[in-house]
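Any read-out appearing in this document is the output of simple, stated calculations on the displayed coordinates, not a laboratory observation. As the structure is a prediction and not an experimental result, all values here were calculated from the model. In this analysis, Cβ positions are derived from the backbone assuming ideal geometry, glycine residues included, and neighbour counts consider all displayed protein chains.
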Ligand SMILES: *Cc1c(COP(=O)(O)O)cnc(C)c1O
């Protein structure tokens, strides 16, 4: 069995235990395979395991891989669902709207407006998530939780984006209590916003290799996993 396949099976086993502990069905959680920095042949192995949610963080790298991966999947009667998980610059929005099914990383009103304008131009409703900097680390992008409600209110007029949920990146720490409180807070924010009725937010994109079980326990619906599948980059 290939290393990638073994790793994916191990991830799925961890995921099953985590959803079991949380009393959630496995179908509640989608595994996004993070392929940034990874070559095509290893990504083909992940596709061979039946995984179709692919997460990339750079437009240029996506452009290089896009056709090859789509064709590989199409030959197996599958379709890749493309996730943009990295910071997106406004001047790359045109490509992002072309490539991605879901953009996880909307971190400014200006970016939301640019995505909306491009989606309108090409006749698409672009699904997006709003990135929240729950931990407040200066190195991270994302809206501060304090301004989130107001910013979302502004975005209400953008008819060509569909805001499906929230995304966060927890601090890189071995202390899973810190990660848990970050994920818990994101879930509370999602629930508050939904209760206020502007948006029916369903998606929570949270959890990576070292903290995805905790994220699942706190309600994650998308987990973004790279290292546990492909090894250290
Ligand atoms: C790289 C990356 C991941 C994957 O992290 P791993 O620790 O390799 O699983 C998840 N989310 C984002 C936003 C990333 O940039």
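What the table below lists for this structure:
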item	result
Size-normalised alpha-carbon gyration radius of the range 89-221, reference 2.2 N^0.38 Å	1.03
Neighbour-count ranking [beta-carbon atoms within 10 angstrom, fewest first] of 184, 196, 53, 104	196, 184, 53, 104
Kirkwood Rh in Å, taken over the range 143-189 so that all alpha-carbon pairs contribute	12.4
The chain, relative contact order [Cα under 8 Å, separation at least 6], %	21
Share antiparallel - DSSP beta bridges, the chain, percent rounded to 5	0
Within a Gaussian network of the chain (alpha carbon springs, distance under 10 Å), most fluctuating of 63, 18, 220	63
Equivalent ellipsoid semi-axes, the range 1-75, via Cα gyration tensor eigenvalues times 5, rooted, Å	25, 14, 11
Packing-based exposure ordering (other Cβ within 10 Å, fewest first) of 75, 5	75, 5
For peptides 126-137, 37-48, sequence by mean Cβ density within 10 Å, most packed first	126-137, 37-48
Helix-only [θ]222 nm of the chain, DSSP H runs n ≥ 4, -39500 (n - 2.57) each, per residue, nearest 500	-14500 deg cm²/dmol
Percent of Cα-Cα distances greater than 21 Å, calculated over the chain	55
Neighbour-count ranking [beta-carbon atoms within 10 angstrom, fewest first] of 206, 149	149, 206
